Amino acid sequence: MLADTVTVDGCVRAVDDTFTTIFAQIDEWRARIEFLVSAHHAIVEAPQLDELVEALVLSELERPDALIIGAGFVAAPRFLTDTDWHLAWWLGHANTFGMDSVDPAVRRLRATEDPSSENFRDYTTLEWWRVPASTGRRHITGPYVDYLCTDDYTLTLTIPVMHGRAMIGVAGADLYVNDIERTLLPLVGALGTTATIINTSGRVVVSTDAHRPTGSVLRVEGLSERLASTSGVVELTDGRVAAVCGTTSLILVLG
Amino acid sequence: MSCAAHKCYGRVTSQEKRIVPQSIRPSTTARAAVFAPLAGGGRAELVQQRLTDAIELGLLTDGERLPSETEMAKKFGVATVTAREALEALRSRGLVETKRGRDGGSFVTSHGSRDTGIHERVRGLSRVELRDMAVYYAAIAGSSAELAADRTTPDDVDHLERVIAAIDGSSEAATRRGEGTFRLEVAALSQSARLVREELRLQAEFAPLLWLCLREPEYRLRSRAAHHSVVAAIATMDGERARTVTREHIGESIEWLLDAKTDLDAKGPNYAR
């Protein structure tokens, strides 16, 4: 089963590249935000930040073939001087959330930032915030049905934004799982065997196997332990092969 | 990205400030359904119905400012004149009042005839219609629970338990909102965007009737017990049980409603509790 590892390596690299490209974009936004914050000695107000983030994400969201359907920066509580909670987030034209139009304009997400409001939601408890905050590293959340901001099956990519050693927020982007399937399926399909990409919880992102629907959980005994101890391709006890897709934390399972 | 809700209309009466924000506002998700776009004819009536239900359910609370006519029209996907028409109807029923000026707008009022409205709706629907609504809703909610059991990770189970724990069973309004939140979270775990959207749509249409039984403390306890059973079934990946418990819970509620309807029908049109 290990015969075709070159192709497996190629597939893993291609999957990694797909996300690395998007992460590179988010990382550039991160750098620009950190620069602004440093230049102002971490004394920043929401409007300053909004102006920068809007300028950064708009061109990406406006591209007709954009994979990204939502993007922006979410501030750490009490980091900004004029507001405790803040989201600078824009929705792309492919994101039909809350709209009756099939191709709405790029627009800002209207979020409730007042903790005393019924609509307020503490975003620091959500996975796309929680994981980067605890690991200090980039993270892919999902696939999950996001009924609050996209109304669809979504992946959220986030990168911690730092000032010194403190996380002052996350920069991130939303992707539709539909679009990701179109990108990834040809890559795993080319392996010529049953291939499935899962996230760290074992949730299927895409699979060539009709018995493994996206969103179902592939329960492989001891998979995470096995992958934690080695990088690259590992053979599982049941003869299947698994590999971590580079820096993405996604896992490719063959068989 | 799942984040703070998209609506931004403020409230006039300032609530007690919470120093520590709650992780999940139980009402957030159910409220998201209130302003979801409408499909079908008789749109002014539909707008009116949905807002009336939301006020009766306590999703929109006393003194709360509604979005402007233009904003509301956009959210519901109707013409501004349609939104205006619906607001006028609500004003004439005393559910909403409109103030002019800089801090003006339309506000929910407490002195409307809430129970009468929902009672009239129960009387206006036949037993067949009510039962059929429950059958359809049980099909959607039951399938969601069944799928969730197959597709749930231990983190998801923890999350559902926190959602149940956050429901204040002593309050009728909080339990209703919690019912909506819990069902929406279960639907989300099915990983089906369509089931989630259908759940939201059915909640907006049907929840005020179906969960009328939650005015009785005993039914609030039963509801909590049913939630715990569903989560236990999901945690053990027992999809069949998750579906059965969900279906039975909905069945029990519709039977309460049909009994209530018998009483209401007997008491005549102007009865209010």
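Readers should treat all values here as calculations from the given coordinates under stated rules, not as data from a laboratory. On a predicted model such as this, the values are computed, not experimentally measured, just so you know. Quick reminder, even Gly has a Cβ in these numbers, built from the backbone with ideal geometry, and neighbours come from all protein chains shown.
Of note:
- Under Karplus coefficients 6.51, -1.76 and 1.60, residue-wise ³J(HN,Hα) of the range B:209-221 in Hz, glycine/proline x: 7, 4, 9, 4, 4, 6, 5, 9, x, 4, 6, 5, 5
- Note on the protein assembly as shown: lysine pairs with Cα distance below 22 Å, sequence gap of 8 or more or different chains, count 6.
- Descending by average beta-carbon neighbour count within 10 Å, the peptides B:82-88, B:142-148, A:233-239 line up as B:142-148, B:82-88, A:233-239, the highest first.
- When you count the other C-beta atoms within 10 angstrom of each residue and take the mean per peptide, B:64-75, B:172-183 line up highest first as B:172-183, B:64-75.
- Sorting B:Leu125, B:Leu212 by the number of Cβ atoms found within 10 Å of their own Cβ, with the fewest placed first, yields B:Leu125, B:Leu212.
- Summed side-chain charge close to B:Leu258 - residues other than B:Leu258 whose Cβ falls under 9 Å, Lys, Arg +1, Asp, Glu -1: +1
- Cα-centre dipole for the protein assembly as shown with unit charges at Cβ (Lys and Arg positive, Asp and Glu negative), debye to 20: 1020
- Summing Lys and Arg as +1 and Asp and Glu as -1 over all other residues whose Cβ lies under 13 Å from the Cβ of A:Glu221 gives a net charge of +1.
- For peptide A:120-127, the mean count of partner chain Cβ atoms within 10 Å of a residue's Cβ comes to 6.
- Footprinting exposure proxy for B:Phe107, A:Phe35, B:Phe76 (fewest neighbouring C-beta atoms within 10 Å first): A:Phe35, B:Phe107, B:Phe76
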